[in-house]
């Protein structure tokens, strides 16, 4: 909304608006508009309102809100107080604005520069996007963490991830990358995207489908393949593993016979189980490294945008180092009950 007060300003407003195909409404004409007239006027994307009084300004806000619009109003004087208070977003001038206008507003523009409003919108969009990215990234690794327990309860397979492994993933490996997404820079088209719907939520159905049904499922399948590959490496097939969790793969386990030929002692069973658990953890964490860079861009090329966040690069380095510590160092292997997987 653009307001003009003088007669010369009115002429300039009308001429300028018509040249760029904007709608024009003069204050006196607003008083004669009925419901149909307001509908026709507010169908226009851009409108110049000229020579309007405080009541007419309030009426404009009210009619826009009745049609589901989110209304932002800027003002500085006492006459703007009602409009600032009833708008969805009231923005008062910090330097030239009156005290009563500042009290009625939701936001105070400290430098009285309208360009700062655009910058604030960009920062708000970036914050919302980065929060969504971090949530989508974090949720994706929950399904591959839960699925080992599901396989053990339903098919009796050896546990693919221990509780300590899950803690090491959540509190060490995955923590730096999820935090690094807060430092993502905006994509080039962030201000060209239409505003989101007022009913949109931070955690939406598409986000949950993406994290659980798409990305989470792909990572889970990769983890299962790596897990079974280790047992296959030791000539133990899936049929041999079914419903063995209760009697085998622990220190007090019975000897495990493979193909009616090879006999595995409890210590050998624990060694193979530790290798398989390590393979599951490695696949999960490495998959999340690639997923991190999928999350960094919506439409821009990965090679153009992903490297702008140096924090994410350091986060990945920390993630890989922590993974190597938990999998390959004898100290960590002793309490994580993992073993270096086969080459």
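The values are calculated or read from the model by the stated rules, or taken from the named source; none is laboratory data. Worth saying up front: this structure is predicted, and the values here are computed from it rather than measured. So basically every Cβ, Gly included, is an ideal-geometry build from the backbone, and we count neighbours across all protein chains shown.
Overview of values
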| read-out | value |
| --- | --- |
| Options 50, 101, 140: the member that is modelled with pLDDT of 95 or more and farther than 25 Å from residue 198 by Cα | 140 |
| Residues satisfying the stated conditions in the stretch 73-98, i.e. touching a residue at least 24 places away in the same chain (Cβ under 8 Å) and within 22 Å of residue 195 (Cβ to Cβ) | 73, 74, 75, 83, 86, 87, 91 |
| Hits in the stretch 81-99 (condition: closer than 20 Å to residue 71 by Cβ and assigned to a helix (DSSP H, G or I)) | 81, 82, 83, 84, 85, 86 |
| Number of the exception - residue 159 against (1) closer than 30 Å to residue 288 by Cβ; (2) in contact (Cβ under 8 Å) with a residue 40 or more places away in the chain; (3) assigned to a helix (DSSP H, G or I) | (3) |
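Results for (1) part of a helix (DSSP H, G or I); (2) in contact with a helix residue (DSSP H, G or I) (Cβ under 9 Å, 6 or more places away or on another chain); (3) touching a residue at least 60 places away in the same chain (Cβ under 8 Å), shown as yes or no for each residue.
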site	(1), (2), (3)
200	no, no, no
203	no, yes, yes
217	yes, yes, yes
225	yes, yes, no
229	yes, yes, no
249	no, yes, yes
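Residue-by-condition table, conditions (1) at pLDDT below 90; (2) in contact with a strand residue (DSSP E or B) (Cβ under 9 Å, 6 or more places away or on another chain); (3) not assigned by TED's automatic domain parsing to the domain that holds residue 136:
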position: 192; (1), (2), (3): yes, no, no
position: 196; (1), (2), (3): yes, no, no
position: 201; (1), (2), (3): yes, no, no
position: 207; (1), (2), (3): no, no, no
position: 210; (1), (2), (3): no, no, no
position: 213; (1), (2), (3): no, no, no
position: 219; (1), (2), (3): no, no, no
position: 227; (1), (2), (3): no, no, no
position: 236; (1), (2), (3): no, yes, no
